[in-house]
Structures are given as structure tokens and as C-alpha cells.
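Report on the structure given below.
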């Protein structure tokens with residue numbers, strides 16, 4: 001966080017004897033959004049992309065825009081898992097590393113199986129409903 005002097009607000013009022021009194025009040029917001037931006041590293045940014053892909057894939061299936069058995073869903077989960085693995089370089093977590101390694105591995109297997117099946121049938125269905 002940056003060291004900044006909090007802004008000062010002057011408050012004037014009259015006391016009981018009609019004498020002007022000026023108070024200096026230090027005003028500091030609870031948090032400053034600009035203080036959060038520099039703390040996001042490149043690894044955090046890649047991890048956030050992974051989270052967006054996970055949530056996008058899941059929500060796409062739930063609202064009926066993405067086929068849960070299609071290539072799009074599998075690819076989104078695979079790329080999301082890879083992004084999460086990259087983000088673990090910045091802050092390692094064993095449980096997350098195991099889970100995302102498995103997600104990435106299963107996504108590669110599923111993607112290869114789906115692609116092979118679709119090529120053998122002579123059609124490439126990506127699994128996106130518009």
C-alpha cells in the first residue's frame with residue numbers, strides 16, 4: 001500500500017459562547033481501490049483468468065449455452081486448470097496443485113477422445129449452442 005497522507009477536512013462550528021471553533025478531521029476511506037491494483041501480480045492475473053474460465057464454463061452449461069459434453073466446455077476447463085497451475089507459481093498450494101493437475105489431465109484426455117470421435121464420424125461439433 002502506498003503511504004499517503006490522508007486528506008484533512010476542516011469542520012467549523014460555534015461553541016456555546018459563540019466562539020468559532022475549527023476542528024481538523026483526518027478522513028481516510030476504509031480501503032482504496034487503487035491500493036489493490038498494484039498488488040495483483042502477473043500470476044494472480046493469470047489465476048483470475050482461470051477462475052473466469054471455470055465460472056464461464058459452468059454457468060454456460062447451467063444456462064444451456066454450452067454443451068457439457070462438448071469441446072468448448074472441455075477446452076475451457078483445461079485452459080482454466082492450466083491458468084490456475086501457472087498462478088500457483090506465485091503462491092503454491094498443494095491441494096490446488098493436485099486438483100488442477102487432475103483437471104488439466106482429464107481435460108486433455110477428454111478433449112482428445114471427443115475430437116477423435118467427432119473426426120471419425122466426419123463431423124466436428126464444438127458443443128456451443130447459439
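The values are calculated or read from the model by the stated rules, or taken from the named source; none is laboratory data. Nothing here was measured: the structure is a model prediction, and the numbers come from that model. Cβ: placed from backbone, ideal geometry, glycine included. Neighbour counts: every protein chain shown.
In region 87-99, what residues are under 28 Å from residue 69 (Cβ atoms) and in contact (Cβ under 8 Å) with a residue 40 or more places away in the chain?
Passing the criteria: only 87.
Going through region 52-73 one residue at a time, which ones are surrounded by 14 or more Cβ atoms within 10 Å (Cβ to Cβ) and assigned to a helix (DSSP H, G or I)?
Selection gives 53, 54, 56, 57, 58, 60, 61, 71, 72, 73.
Within region 74-105, how many residues are surrounded by fewer than 13 Cβ atoms within 10 Å (Cβ to Cβ) and not in a helix (DSSP H, G or I)?
Selection size over region 74-105: 4.
Consider residue 90 carefully, then state whether it is modelled with pLDDT under 95 and closer than 25 Å to residue 43 by Cβ.
yes
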